[in-house]
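J.: Once you've had a glance at the structure underneath, I'll fire off some questions.
Read the figures in this text as sums done on the coordinates, not as results from a lab. None of the values given here were measured: they were computed from a predicted structure. Cβ: placed from backbone, ideal geometry, glycine included. Neighbour counts: every protein chain shown.
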């Protein structure tokens, strides 16, 4: 967990729970993830997920790392569990891997990952259009 995320939650006076996960989807390994296509693996924090997500309020504010993987998967999972989601743009980011760096490292061009392009797409389209999440630029907008 990034210290600046904790600091922002503390400054805003909002309750938070840090749930360490071993998969992209925080619901993986919980009763809520049981499906014929989903292998059931109980994670160490499955009880936290059950208590703090499944059985708790319907309004969620999501912050985190790797916009297009972990944040996206969990925004989608929350929406699919009937939660209303707000994503906070200045507390979410993804990694940047320029094409030139990929080539220097001998990686395929497909490994390139432009953080600005990814973030722009996710915040302008994926979160609001695909998932129906509210997007705010700064957490202070929530006060």
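J.: Give me the extension gain from residue 16 to residue 103: residue separation times 0.36 nm, minus the current Cα-Cα distance, reported in nm with one decimal.
T.: 27.3 nm
J.: I've got another one for you. If we count other beta carbons within 10 Å of each Cβ, what is the order of 125, 24, fewest first?
T.: Least crowded to most crowded, the residues run 125, 24.
J.: Right, here's the next one. Between residue 137 and residue 112, take the C-beta separation as r, use R0 = 25 Å, and let me know the FRET efficiency to the nearest 0.05.
T.: 0.40
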